[in-house]
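Undergrad: Got a structure for you, questions after.
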Amino acid sequence: MLGDGCRMFRSTIKTFTILHLSPSYYINNNTRLHKWKQELEKIKKLPSPRIHHPANHTTMKTTNEIIVIDLEATCWEYDKIPPGQKTDIIEIGICTLDTDTKVISNKQSIYVIPERSKINKFCTELTGITPKLIEEKGIYFEEACEKIRAEYHPKSLTWAGFGTFDKEQIVAQCDYLGIENPFSGNYINIMHRFKAYNGLYKMMGLKRALKALDMEFEGHHHSGADDAYNAARILQEMIK
């Protein structure tokens, strides 16, 4: 749908044509000519008309299988990180999306022992992850990377997450520990893709994106595995 900017632009082009073809018409009417010049200057400052072109899955560089992840990490109320602590991954939620069959599978949570921080009450209330859960099921981040390599063969596959945090945190933690990133260089930011797919002016969160597709969130929000699965559902919809 064309907006006011487009209609004004068409009107201005028509006006400009008249000015250009019939200068004698306005030559003795300085006041009116000055007014039209002012209007032209206003038009020049308007943004270009925005036309919605939904993203097509054929433009998405990907593989026949996409690994979708969602991380949960140590966090603090009001983002006040205690001195001496750093954000650590405590859960890698992961699943795969087959781009041919559109089937989502291999969903699991890989719990990770935080090595530079502690899980506090706020973090537990948000994610449901307790120190006891990590003690019972957690493995070190390097071991988690090895597990992903063995079970998902990620170096040959596209991987994705809802936003940039997941990619950035994986890269940062690998760099800190001096280990190789288990994933490939081909990452899909599902949040960004969804914005383009729907012609939105700004990003929206995971739950709102699902709602925009008339889909309900399945599982528990801030469970890494459930968030990864629901992010995969959004990606699944975009590549249909």
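Undergrad: Hey, if we sort Trp76, Trp159 by accessible area with the 1.4 Å probe, largest down, what's the order?
TA: Numbers: Trp76 25, Trp159 5 Å².
Ranking Trp76, Trp159 by accessible area, largest first, yields Trp76, Trp159.
Undergrad: Considering only protein heavy atoms and a probe of 1.4 Å, how much of the accessible area of the stretch 106-240 is carbon and sulfur, as a whole percent? Write out the running numbers ahead of the final one.
TA: Values: 3520 of 7110 Å².
The C+S portion of the solvent-accessible surface of the stretch 106-240 is 50 percent.
Undergrad: Considering only the other residues whose Cβ falls under 12 Å of the Cβ of Glu237, what net charge follows from Lys and Arg at +1 and Asp and Glu at -1? Before the final figure, lay out each step's value.
TA: Working: positive: Lys102, Arg193, Arg233, Lys240; negative: Asp214.
Net of charged neighbours comes to +3.
Undergrad: How much area per residue is accessible in the stretch 115-240 when the probe is 1.4 Å and only protein heavy atoms are counted (Å²)?
TA: Working: 6720 Å² over 126 residues.
On a per-residue basis, 53 Å².
Undergrad: Subtract the Cα-Cα distance of Lys102 and Lys118 from 0.36 nm times their separation in residues, and report this length gain in nm to one decimal. If you can, show how the numbers build up before the last one.
TA: Values: separation 16, 0.36 × 16 = 5.76 nm, distance 3.84 nm.
In short, 1.9 nm is gained.
Undergrad: If you don't mind, there's one more thing I want to ask. Find the lysine pairs in the stretch 137-218 meeting two conditions, Cα atoms under 24 Å apart and a separation of 8 or more places or different chains, and report how many there are.
TA: 11
Undergrad: Separation between the Arg208 and Thr63 pseudo-spin-labels, each 7 Å from Cα along Cα→Cβ, expressed in nm?
TA: About 3.3 nm separates the two model spin labels.
Undergrad: List, in the order given, every pair from Lys132/Lys240; Lys61/Lys107; Lys80/Lys102 whose Cα-Cα distance in the structure shown is over 32 Å. Spell out each step's value before the answer.
TA: On the way: Lys132/Lys240 41 Å; Lys61/Lys107 23 Å; Lys80/Lys102 41 Å.
Pairs exceeding 32 Å: Lys132/Lys240; Lys80/Lys102.
The values are calculated or read from the model by the stated rules, or taken from the named source; none is laboratory data. All values reported here derive from a predicted model rather than from experimental measurement. We place every Cβ from the backbone using ideal geometry, glycine too, and count neighbours over all the protein chains shown. For accessibility, only protein heavy atoms count, side chains too; no ligands or nucleic acids. Shrake-Rupley method; radii C 1.70, N 1.55, O 1.52, S 1.80 Å.
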